[in-house]
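Peer 1: Let me begin by handing over the structure; questions about it come next.
The values are calculated or read from the model by the stated rules, or taken from the named source; none is laboratory data. Since the model is a prediction, treat every value here as computed from it, not as a measurement. Reconstructed Cβ throughout: ideal geometry from the backbone, glycine too, with neighbour counts over all protein chains shown.
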Amino acid sequence: MTDNAISIKNLVKNFDDEVTAVDNLNLEVKKGETFGFLGPNGAGKTTTINILCGLLKPTSGTVCVGGYDVTKNLKKVKELIGVCPQEAAVFKYLSGRENIELFGNLHKMSKKDLKERADMLIEKMNLTKASNRKAKGYSGGMIRSLNLIIALINSPDIAFLDEPTVGQDARARRETWKFIGDLKTQNKTTILTTHYIEEAEALSDRVGIIDFGKLIALGTPKELREKYNAKNLEDVFLKITGRRILEGI
């Protein structure tokens, strides 16, 4: 059995034969690793994640998640993954708990397991008081917390977290950081995309930086700082891309 949770080989994704969003990408993510996937807006991060989750088909190349080829065994892949998308996937006229239960039922969780896990996650994300309120009254940060619970309700082996702390205040962000850190103690694999460089630096075992669809840097935060003689990852990013992460392209 492979030690890799994710294996990407020679991945290419073209749109309309004019735009190459992912350009011959090769990448491996180890089981139990927290991997920070960074890049400016339009660099190819979300396209890559969407291919890994089976939402897009690659133009060429192979992508394996949990040892399964995504294009050939998507059903198996979906059993292994949880996805926290950048755009919140919640029903605003359901309560927080009803949203969680809905997605838990889609995963065919038992009633007992669903209640126990929902209670635990709601408490960890400090949504106990709000869990029975309709989500339409939630703040942006609360919606992000609910979105994260939904993504992890089935205790997936591999979690894709796309900007999980956007809109959260400093306290909620720290709680989310701790929650993501706890996933590592459970030997879960986490793919984290974020525009908060300090978040990737604090949480990631390794970081990959993508630009114009190509992987341009890969290593631990310490290795990248030393290689580029930089004081932090933000400085690394600025040196190799020529711009700050929030500037886009």
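Peer 1: Within the range 61-71, does at least one residue satisfy the condition of being among the polar types (S, T, N, Q), in a loop (DSSP other than H, G, I, E, B) and surrounded by fewer than 14 Cβ atoms within 10 Å (Cβ to Cβ)?
Peer 2: No, the conditions are met nowhere in the range 61-71.
Peer 1: Scanning for something surrounded by 15 or more Cβ atoms within 10 Å (Cβ to Cβ), over 20 Å from the mean Cα position of the chain (by Cα), assigned to a helix (DSSP H, G or I) and among the acidic types (Asp, Glu), does the range 118-141 turn up at least one residue?
Peer 2: No, the range 118-141 contains no residue that is surrounded by 15 or more Cβ atoms within 10 Å (Cβ to Cβ), over 20 Å from the mean Cα position of the chain (by Cα), assigned to a helix (DSSP H, G or I) and among the acidic types (Asp, Glu).
Condition check ((1) under 23 Å from Val207 (Cβ atoms); (2) hydrophobic (A, V, I, L, M, F, W, C)) across all residues:
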| position | (1), (2) |
| --- | --- |
| Leu27 | yes, yes |
| Ile49 | yes, yes |
| Val63 | yes, yes |
| Lys72 | no, no |
| Cys84 | yes, yes |
| Glu87 | no, no |
| Phe91 | no, yes |
| Ser95 | no, no |
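Peer 1: Right, next: Answer yes or no as to whether Glu28 is surrounded by fewer than 21 Cβ atoms within 10 Å (Cβ to Cβ), part of a helix (DSSP H, G or I) and at pLDDT 95 or above.
Peer 2: So Glu28 does not fit the description; no.
Peer 1: Counting only residues that are touching a residue at least 40 places away in the same chain (Cβ under 8 Å) and either assigned to a helix (DSSP H, G or I) or aliphatic (A, V, I, L, M) (or both), how many does the range 143-176 have?
Peer 2: Of the residues in the range 143-176, 17 are touching a residue at least 40 places away in the same chain (Cβ under 8 Å) and either assigned to a helix (DSSP H, G or I) or aliphatic (A, V, I, L, M) (or both).
Peer 1: Moving on to the next point. Give the residue, chosen from Ile158, Ile216, that is closer than 22 Å to Ile8 by Cβ, touching a helix residue (DSSP H, G or I) at 6+ places or on another chain (Cβ under 7 Å) and surrounded by fewer than 17 Cβ atoms within 10 Å (Cβ to Cβ).
Peer 2: Just one listed residue meets the conditions, Ile216.
One line per residue, one yes/no per condition, for (1) among the aliphatic types (A, V, I, L, M); (2) on the phi > 0 side of the Ramachandran plot:
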position	(1), (2)
Asn126	no, yes
Ser131	no, no
Gly140	no, no
Ile143	yes, no
Leu152	yes, no
Leu161	yes, no
Phe212	no, yes
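For (1) surrounded by fewer than 18 Cβ atoms within 10 Å (Cβ to Cβ); (2) at pLDDT 95 or above; (3) within 22 Å of Ile149 (Cα to Cα), each residue gets a yes or a no:
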position	(1), (2), (3)
Gly44	no, no, no
Lys75	yes, no, yes
Pro85	no, no, yes
Glu101	no, yes, yes
